[in-house]
1. For region 159-199, how many residues meet the condition of being outside any loop (DSSP other than H, G, I, E, B) and farther than 20 Å from Arg277 by Cβ?
2. Can you list residue pairs whose Cβ atoms sit under 8 Å apart, with the first residue in region 93-107 being within 18 Å of Phe62 (Cβ to Cβ) and the second being in a helix (DSSP H, G or I)? Count only pairs 6 or more apart in sequence or on different chains.
3. Within the bounds of region 245-261, is there any residue that is on the phi < 0 side of the Ramachandran plot, of a type in the set (Phe, Trp, Tyr), out of contact with any His (no Cβ under 6 Å at 6 or more places or on another chain) and outside any strand (DSSP E or B)?
4. Return only the number of the condition from (1) modelled with pLDDT of 95 or more; (2) over 26 Å from Glu97 (Cβ atoms); (3) charged (D, E, K, R) that Glu183 does not satisfy.
5. Quick check on Trp235: is it in the same structural domain as Ala281 (by TED's automatic domain parsing), in a strand (DSSP E or B), at pLDDT below 95 and not β-branched (Val, Ile, Thr)?
Amino acid sequence: MPSEPCFFSNPPQDWTDAGEVPVEFLSAEQVRARAEEVRQALAAVLDVPAVAGHPQARQWEFLRACLGRLLGREAGLDTWEGLSSDQAAQLKFEIQEKLKTHYERRAGEQGLVLSLVHSRHLSTYRLAGAPRYPRLAGYCLLVREPAQDATLRPQVDRWSDYLVRVVTEAAEAEYRAYEAVPEVDERPLERWAWAEGPYHQDVLKRLRQRRGTGWVLNNAYNPSTHRTEEVEVRWLDDAEARLSTREFWHLRWWNTRTREYIYAYEERLRHDYLLRRRDHAWRVWERQRRATRRPSRQRSGPRRA
């Protein structure tokens, strides 16, 4: 987001529309038949310091509890059912980010792969008995055997290209929204960003602020521009993705009341975008600015356009 001082999708309607084949995971019955192997797979992950520096931390206790529920163990799990949706989502985020990075580094190795997903996303998988699949606080521990499943990599690659487009289009829609001030039209942004998410709300707040101060970018011969120069998919799973960008922002705000350029901003910025998937739609949820050199800022003097 441009720190000026800070500004701040229509994917296929069905998974198969994009030619994707959902990843196949073991059924609950298959997992239980291989219970010891699954326990060893979890122990091996938690034994890696880069993954679980503190194996007894709350997120890893939750992961163990999810495995316990999957294997049919109920003792001691009641306390986890009381988690709020926000608490459970935070634990899942911390777990899945570590698991994703761990398995990507070991791509091609033999063994079982674990994933933690929300129960509402089970329909995107080829999973026997999905409606009855065990879950804890709304989350399910899935187990996959990469040696028997060749569908994961093409799926990730295909979605990566689309997610790059989502981020690029969201940033462009944001810039066009600033150009439209004093009109506040958030509809183009809603195609690429979840309306209730922090990113959309930050942009909407900025639009209203600019309208209130009488600052615009659409005066005659205004040199403002924006472009996305680089996009990198850092990780993604079935429900969330994080992408990094490098963007160029040049904003020259014109004060319609004093008839002068009141604020100039020009900078190359690096951003981290968090995208979320719902009902087969990917959109931006949040954006954070990455550390970069100090932006150049200046207030324009009383110059006439």
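1. So the first thing to find is which residues in region 159-199 are outside any loop (DSSP other than H, G, I, E, B), and the list is 159-180, 187-190, 193, 198-199.
If we keep only those that are farther than 20 Å from Arg277 by Cβ too, we end up with 172, 174-180, 187-188.
Adding up the residues that qualify gives 10.
2. Glu94/Gln59; Ile95/Gln59; Ile95/Trp60; Ile95/Phe62; Ile95/Leu63; Leu99/Val45; His102/Val45
3. Here is the first cut: in region 245-261, the ones on the phi < 0 side of the Ramachandran plot are 245-258, 260-261.
Next cut, of a type in the set (Phe, Trp, Tyr) only: 248-249, 253-254, 261.
Adding the requirement that they be out of contact with any His (no Cβ under 6 Å at 6 or more places or on another chain) leaves 248, 253-254, 261.
Among the residues that remain, those that are also outside any strand (DSSP E or B) are: none.
Taking every residue of region 245-261 in turn, none turns out to be on the phi < 0 side of the Ramachandran plot, of a type in the set (Phe, Trp, Tyr), out of contact with any His (no Cβ under 6 Å at 6 or more places or on another chain) and outside any strand (DSSP E or B).
4. All conditions pass for Glu183, except number (1).
5. Against the criterion (in the same structural domain as Ala281 (by TED's automatic domain parsing), in a strand (DSSP E or B), at pLDDT below 95 and not β-branched (Val, Ile, Thr)), Trp235 qualifies.
Listed here are the residues, each with its yes/no results for (1) at pLDDT 90 or above; (2) closer than 30 Å to Glu179 by Cα; (3) out of contact with any Ser or Thr (no Cβ under 7 Å at 6 or more places or on another chain); (4) not aromatic (Phe, Trp, Tyr).
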site	(1), (2), (3), (4)
Pro11	no, yes, yes, yes
Arg34	yes, no, yes, yes
Cys66	yes, no, yes, yes
Glu81	no, no, yes, yes
Ala88	yes, no, yes, yes
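Per-residue answers, yes or no, for (1) surrounded by fewer than 17 Cβ atoms within 10 Å (Cβ to Cβ); (2) under 13 Å from Arg283 (Cα atoms); (3) among the hydrophobic types (A, V, I, L, M, F, W, C); (4) not assigned by TED's automatic domain parsing to the domain that holds Val284:
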| residue | (1), (2), (3), (4) |
| --- | --- |
| Ala170 | no, yes, yes, no |
| Arg191 | yes, yes, no, no |
| His200 | no, yes, no, no |
| Arg211 | yes, no, no, no |
| Val216 | no, no, yes, no |
| Ser224 | no, no, no, no |
| Thr245 | no, no, no, no |
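The values are calculated or read from the model by the stated rules, or taken from the named source; none is laboratory data. Every value quoted in this text rests on a predicted model; they were computed, and no experiment measured them. Here the Cβ is made from the backbone with ideal geometry for all residues, glycine too, and neighbour counts use every protein chain on show.
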